[in-house]
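What follows is a short report on a single structure.
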Amino acid sequence: MNPSRNLFLVGPTGAGKTSVGQRLAAHYGLAFVDLDREIEQHTGTDINTVFAIEGEAGFRQRESTLLDECSARDDVLLATGAGAVLDPRNRELLRARGYVLWLQADVAQQLKRLEHDTRRPLLADVDRRSRLEAMAAVREPLYRDTADLALPAARGIAAICTDAIALIDRHWQRLPLPTPAPTA
């Protein structure tokens, strides 16, 4: 949504949403919110445990509830989980409440970035390449549909941030803070 007070990041697992999001939030003076960390704080456990106990459906319900809550805040940079776009209502909320940047990453980049990562329940005990390719086939059209801007993957986090700031500065119309009503 343009203009907007909020900036939202979507993209595949390993695209750098958390790392880039923290830097962009600092640059733009926004509160940084990582949706997966919000879920962990609200449940008191990690994402893997939520998946183990409630399955993906239970996790997605929690994700949608907290996405609704977090996206309703003002002056926030929200880094979504990679699968948040699967729910049509989530896509609608993201488009309506903020300016959405899609951080792109191809499967080869994801594999490299996630090589030692054991925290992703959908990538546990599977052929990661096949799983990432299957997720990309489903999710890339949803990212495209949701995003105001797409940022092709760059060499590293610093380069992604530099590219993101240049792109955002050209396109995002940030709403100013509301002026308080005069008191009599």
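Where both residues lie in the chain, what percent of DSSP beta bridges are antiparallel, nearest 5? Let's see the in-between values first.
On the way: 0 of 15 bridges.
Taking every DSSP beta bridge within the chain, about 0 percent pair in antiparallel fashion.
For region 84-184, the relative contact order works out to 38 percent when only alpha carbon pairs closer than 8 Å and six or more residues apart are counted. Shown here for region 74-158: GluC sites (Glu not before Pro) in loop regions (DSSP other than H, G, I, E, B) with at most 16 other Cβ atoms within 10 Å, namely GLU115. Other residues with beta-carbon under 12 Å from the beta-carbon of ALA57 carry, at +1 per Lys or Arg and -1 per Asp or Glu, a net charge of -2.
Residue order for THR49, THR183, THR146, fewest other beta carbons within 10 angstrom first, comes to THR183, THR49, THR146. Between ALA72 and ASP87, the contour length at 0.36 nm per residue exceeds the alpha carbon distance by 3.7 nm. Helices in the chain that qualify as membrane-span-like (whole DSSP H runs, Cα extent of at least 24 Å along the helix axis, mean Kyte-Doolittle hydropathy of -1.0 or higher) are 47-71, 128-146. Checking [x] 19.0, 72; [y] 16.5, 67; [z] 15.9, 49 against the coordinates, the calculated Rg and Dmax of the Cα atoms in Å falls under label [y]. Counting other Cβ atoms within 10 Å, which trypsin sites (Lys or Arg not before Pro) in region 134-184 have at most 14 and lie in a DSSP loop? Sparse-neighbourhood loop trypsin sites (Lys or Arg not before Pro): ARG155.
Taken together, the values in this text are just the output of simple stated rules run on the coordinates, not laboratory data. From a predicted model like this one, the values you see are computed outputs, not experimental measurements. Cβ: placed from backbone, ideal geometry, glycine included. Neighbour counts: every protein chain shown.
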